[in-house]
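Have a look at the structure below before the remarks.
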Amino acid sequence: PGNAVTLYDTDGTTVLGTTTVAGDGSWSVAPNAPLTEGSHDLSVTMTDAAGNESDPSATLSLVIDTTAPNAPSAPVLDLASDSGVQGDDITNETQPEITGSGATPGNAVTLYDTDGTTVLGTGTVAGDGTWSVTPDAPLTEGSHDLSVTMTETASGNESAPSAVLSIVIDTTAPNAPSTPVLDSASDSGVQGDDITNATQPEVTGTGATPGDTVTLYDTDGTTVLGTGTVAANGTWSITPDASLSEGSHDLSITMTDPAGNESDPSTTLSLEIDTTAPDAPAAPILDSASDSGIQGDDITNETQPEVTGTGGTPGDTVTLYDTDGTTVPVSYTHL
């Protein structure tokens, strides 16, 4: 205690500062002026009250580093966290993984929210220069301009912030869509009865949000028949990827937005697939009122004779062909 402490720079002669040993034997010296950037081998001597100076201590090798790392490249939304449309930076993940590359191994990565001061999470650059940070808490719904800085572990120097990654957090599902419709071109036979012999009928709808993905489900609500995208005018159209089986199908759809949020299913379109032809009908008969002359000889002077029959299925359409089997004089509906 009471001895004078002198702090020397690398050359052992440049005095950086002095102090006095405290009563408990401790001492502390801060240089009188800033040290230059780079390496410094610091030593101290003790001088007693009589003016006797000790030999120098062993050196403390110190590095002064005030140079911040370069600003890192803009962060990226990891594909595994980019729900819905890949690459659009819209997601329903509230704690999405943010990644980057090209940084100095060992540096600390700090992820900031839009204001540039709110810290969302931190990480460390791996040996290959890559890094990954997942926010510590869920992000709020809406837009976030995310940036990162790099901090040198040894010196604590923090870089300028990176360029921003603009992401949108969207966890709100679209409204349930309206009931799908059998396209008239696929509604064979009687129009509007939703009975068809087309096994891959076109199903359409309107009033949806452009860009949303439409998924067509079969009766069980889980079997996917096909998908499509809503056009700019709000319309959509899907043709099943494979033929539907004979019989009834209650078709429904859902809408999925670019963030991957899927709506509740629509009400169903009850569709009947019927590819079974009716049995061949009985031979037609010349109506007695059109059989001029001798009745029952099928010789007549009527150029538009009435031809009749029985035994068909009510509602079926009857088509009358001429001798060549292709010429259709007229069509009738079974009574």
Original post:
With respect to residue 238, is the statement that it is at pLDDT 95 or above and in contact with a His (Cβ under 6 Å, 6 or more places away or on another chain) true?
Top reply: no
Original post:
Is one or more of the residues making up the stretch 252-265 in a loop (DSSP other than H, G, I, E, B), open to solvent by less than 50 Å² (accessible area, probe 1.4 Å) and within 15 Å of residue 181 (Cα to Cα)?
Top reply: no
Subject >> Output for the stretch 111-122, where each listed residue is open to solvent by 20 Å² or more (accessible area, probe 1.4 Å) and touching a Ser or Thr at 6+ places or on another chain (Cβ under 8 Å) >> reply: 112, 114, 116, 119, 122
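Could you grab me the full set of residues in the stretch 75-108 that are within 12 Å of the chain's Cα centre (by Cα) and among the polar types (S, T, N, Q)?
81, 83, 86, 91, 92
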Subject >> Selected residue [surrounded by fewer than 11 Cβ atoms within 10 Å (Cβ to Cβ) and either without any contact (Cβ under 8 Å) to a residue 12 or more places away in the chain or not in a loop (DSSP other than H, G, I, E, B) (or both)] from 30, 58, 50 >> reply: 50
**OP:** Tell me which of these residue 274 doesn't satisfy, since it passes every other one: (1) loosely packed, with under 13 Cβ neighbours inside 10 Å; (2) under 30 Å from residue 190 (Cα atoms); (3) in contact (Cβ under 8 Å) with a residue 60 or more places away in the chain.
**Re:** (1)
Original post:
Does residue 245 meet the test of being open to solvent by less than 90 Å² (accessible area, probe 1.4 Å) and free of Cβ contacts under 8 Å to residues at least 24 places away in the same chain?
Top reply: no
Original post:
If you scan the stretch 80-108, which residues turn out to be farther than 18 Å from residue 143 by Cα, open to solvent by 70 Å² or more (accessible area, probe 1.4 Å) and either touching a helix residue (DSSP H, G or I) at 6+ places or on another chain (Cβ under 6 Å) or not in a loop (DSSP other than H, G, I, E, B) (or both)?
Top reply: 80
Subject >> Failed condition for residue 148, given (1) farther than 30 Å from residue 67 by Cβ; (2) at pLDDT 95 or above >> reply: (1)
Original post:
Among the residues of the stretch 185-192, is any modelled with pLDDT of 95 or more, farther than 17 Å from residue 248 by Cβ and surrounded by fewer than 16 Cβ atoms within 10 Å (Cβ to Cβ)?
Top reply: yes
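The values are calculated or read from the model by the stated rules, or taken from the named source; none is laboratory data. Predicted model, so just to flag it, every value in this text is computed and none were measured. Methodologically, a virtual Cβ is constructed for each residue, glycine included, from the backbone with ideal geometry; neighbour enumeration extends over all protein chains shown. The area values use the complete protein model at the heavy-atom level, side chains included, leaving out ligands, DNA and RNA. Shrake-Rupley method; radii C 1.70, N 1.55, O 1.52, S 1.80 Å.
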